[in-house]
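Below: one structure, written as structure tokens.
The values are calculated or read from the model by the stated rules, or taken from the named source; none is laboratory data. The shown structure was predicted, so the numbers you read here are calculated from the model rather than taken from an experiment. Using ideal geometry, Cβ is built from the backbone for each residue, glycine included, and neighbour counts are taken over all protein chains shown. For accessibility, only protein heavy atoms count, side chains too; no ligands or nucleic acids. Shrake-Rupley method; radii C 1.70, N 1.55, O 1.52, S 1.80 Å.
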Amino acid sequence: MRAVSRVSRSASSRLAQGGVVAPVTARARLLQFNRRTQIPVRCLVTPASTSTGLSSNLSYDTMQSIGRTKDVKPHFKKILIANRGEITCRIIRTARKLGVKTVAVFSEADRGCMHVQMADEAYCIGPAPSSESYLNIDKILAVAEATGAEAIHPGYGFLSESSVFAERIKEAGLVFIGPPTTAIKSMGSKRESKEIMTAAGVPCVPGYHGSDQSKEALLAGAEQTGYPLLIKPTHGGGGKGMRIVRDPKSFEDELESAKREAIKSFSNDEVLLERWLEKPRHVEVQVFADRFGGCVALWERDCSVQRRHQKIIEEAPAPGLSPELKKDFAEKAVAAAKAVNYVGAGTVEFIMDAETGEYFFMEMNTRLQVEHPVTEMVTGVDLVEWQLSIAAGNPLPLTQDEIPCIGHAFEARIYAERPESNFLPDAGKLLHTKAPVNVPHRLETGFWEGDEISSYYDPMIAKLIVHGPDRSSALGLLRSALGEYQVVGPSTNIEFLKSVAGHEVFAAGPVETSFIPTYQNELFPARQIPDEVLAQAAVYLTLRREKAHRSLGNGPWSKLVSRRFGDDSVKSYQIDAQNIEIKKNELGEGYSVVIDSKEPINIASSKFEDENGTEIISEINSNHLRSTIIPVTASSHNSKDEKLHVFTNSSHYILTHHPTLIEDPSSSSSSSTTANSDRLVSPMPATVIEVRVKPGDKVVENQVLVVLESMKMEISIRSSKDGVVGNVNVEKGKVVEEGEILVELTKQQ
């Protein structure tokens, strides 16, 4: 293990190797980040409050607790956070506010990440694979012991719901910042939890929850449950291993796939079967309990906008619920927590029939949720502060009647993924990031510009949170914030989130979990690149060339930037499939742009607004267009193309600039390769986990030939047509790159 920031000599001597001081530049950037992302304080939450306007270091809840309790137990002096990314950064910020020192752990892939720089101490615990680092209990406990940490916060994911981890922490004489081991075990098994909930009077979804996991028992359970049904792992969450089955013929294949994904994600392949509601809403309640029998509900959240059973937009409170139903949800959630003698932060999830209002218990997550910020925004409660206080042995700071619900909040999860390709996760370096600047918001992230989004972990880049006095106002802020957020590098879901936030059905109120597939065509509209954007791109390329020529110096040749001997100062560009010509206006001011021989577009003026030459403002046809344009050279060595990422005030366009022979004499108009439907390629960096064919095998359209895994998600590569397998270029365990040919087909003889 290697420390990468400030660590005492005594601590480093107990570990494998010593420490290295974090760079000053990183610390400076860190301070700037923290000024943007403080946690809200209840007494300061207003409809227009933002992270930048909150300066109190002592929350209202803490002051209430001090006034109410004579013997307040002090906070821990030092805690270890057994996680990575944004949740670790989030915990560190609250710990700092409370004067608690923090210890971070990291894998070799995360060496330069934000959470490593933010922590007071940080230690490498192994290679990139989670099984060798973030899931390695022995290494985590060794760091905790060597650094003198008094407690361990698990964050979410990884070991956060591992009863084994919680028990090992207790055996080591440390405090687990979470619920008792017994509660984790009871709620960690969805089968056992449903039995407990039924006994406690909490309604559960009909289905098969038996301990007999034989194929015969599950097939019989499927017949008893009826179709459509949901296969769900009994351990873990996050949508991993979940499969909707509508056709009995596909049940066995889906069952095997679900079990494989479950064993990799949760080290347990036990599943249950549930009746699938066609129009379900996902409503969950945040609960908190202390060691003295106190338990409260901090209102509900709606998390119905999902893809692949994973939430992408959450809101609080849930829209469209009557006061009686909200009260019933809260009471059932508290009853669920009390049934297992719960302590700490937890979330009770319900599935609700949107047509009948009938609802059922789904599961209880025995940890802090990804979407906890929306609850913090409407209640003003710092949930991490509550976690640390209750783990130290203090009672709940507030009673149920004292917990407010002020306004409305949304959270949008920014993922590195390709929504147009069935939301396949993506990876790569964050080449450019720019947070919203004109919209009140809260941004939770674990990455800086230049950091790598690794294929080893969850592809979430950030969480964008907004708060307003009502749902309509908050939704308007969300749309504006998404419109200003810029990310270049891996593909992201930001444009898709804009479509969701702008959809009239979503704006009207509650939606079901089937919202995305129901409105698929409307959420993925055919995009036309406006001529004004193409003209702006052409002007950008021209200004860039002029700037490059000026950098040559003040000699006579530098003044011939916009002229070449024998022409009329016309420059030609190929952008996407368009041929664009641009020339200086006769009076020397502005440009005239012609796209594919259409009517000229008049650009009265245009200039760069920054030294880097990425911010450009133009007056086009009497309208001002302000853009940020980020060029990215092609990743292929055989291509001279570059991608131009054009950010306008509301949209992100990706254009391909094909340099002409005049721009780049080494370019060629001929194409190196063409797409071949007989070649099945990997859609992303991944690991081959199964090869189902061999050369000479006959295959039919839609047959699964290869199964890949990336970011703990299985991807089935299917045949596009009937044929015969020619070459199989991969084997189980091989790591493949995006675009790598997996299988080649030949025609049937």
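Just a few scattered comments:
- Each residue of the range 279-296 is assigned a 3J(HN,Hα), and the resulting list reads 10, x, 10, 9, 10, 10, 10, 7, 10, 9, 9, 10, 7, 10, x, x, 8, 9 Hz, derived from the Karplus form 6.51 cos²θ - 1.76 cosθ + 1.60 (θ = phi - 60°), x at Gly and Pro.
- For the range 308-348 and the range 476-544, distance of Cα centres in Å: 31
- Cross-link reach list, lysines versus residue 643, counting only Cα pairs under 28 Å and skipping chain neighbours closer than eight places: 429, 434, 463, 498, 547, 571, 583, 584, 598, 607
- Selection from 306, 295, 335 lying farthest towards where the dipole of the range 228-353 points positive, charges on Cβ: 306
- For the range 95-210, the relative contact order works out to 15 percent when only alpha carbon pairs closer than 8 Å and six or more residues apart are counted.
- Cα shape, the range 577-648, gyration tensor, a/c 1.5 rule: oblate
- When the range 250-379 is described by a simple charge dipole with +1 on each Lys and Arg Cβ and -1 on each Asp and Glu Cβ, the residue from 265, 379, 350 located farthest towards its positive end is 379.
- Accessible area ranking (1.4 Å probe, heavy atoms, ligands and nucleic acids excluded), largest first, for 259, 279, 170: 170, 279, 259.
- Looking at the range 421-547, the accessible area is 36 square angstrom per residue; that uses a 1.4 Å probe and ignores ligands, DNA and RNA.
- Cα-based shape type of the range 489-555, given that a ≥ b ≥ c are square roots of the gyration tensor eigenvalues and the cut on a/c is 1.5: prolate
- Each other residue within a Cβ distance under 12 Å of residue 430 adds +1 if Lys or Arg and -1 if Asp or Glu, for a net charge of -2.
- Cα centroid separation - the range 386-432 against the range 578-648, whole Å: 39
- Peptides ranked, highest mean first, by Cβ atoms within 10 Å: ranges 691-699, 320-328, 488-496: 488-496, 691-699, 320-328
- Here residue 641 sits with roughly 40 square angstrom of accessible surface, probe radius 1.4 Å.
- Under the shape rule built on the C-alpha gyration tensor, where the axes satisfy a ≥ b ≥ c, the range 65-193 is oblate, since a/c reaches at least 1.5 while a/b does not exceed b/c.
- Only the Cβ atoms of Lys and Arg (+1) and of Asp and Glu (-1) were treated as charged; on that basis the dipole of the range 177-296 about its Cα centre amounts to roughly 320 debye.
- Cβ-based net charge around residue 419, under 9 Å, with every Lys or Arg adding one and every Asp or Glu removing one: -1
- Applying 1/(1 + (r/R0)^6) with r as the Cβ-Cβ distance of residue 642 and residue 145 and R0 = 56 angstrom yields a FRET efficiency of 0.60.
- Debye, to nearest 20: dipole size of the range 327-449, +1 on Lys, Arg Cβ, -1 on Asp, Glu Cβ: 380
- Listed by chain and number, the aspartates and glutamates whose C-alpha is less than 18 Å from the C-alpha of residue 694, apart from same-chain residues fewer than 8 away, are 678, 722, 731, 740, 744.
- Around residue 721: net Lys/Arg minus Asp/Glu count, Cβ-Cβ under 9 Å: -3
- Listed by chain and number, the lysines whose alpha-carbon sits under 22 Å from that of residue 264, ignoring those within fewer than 8 places in the same chain, are 139, 185, 190, 215, 232, 240, 311, 712, 732, 734.
- Computed lengthening from residue 72 to residue 654, 0.36 nm per intervening residue step minus Cα-Cα distance: 203.9 nm
- Label-point separation, residue 697 to residue 270 (7 Å along Cα→Cβ), nm: 3.3
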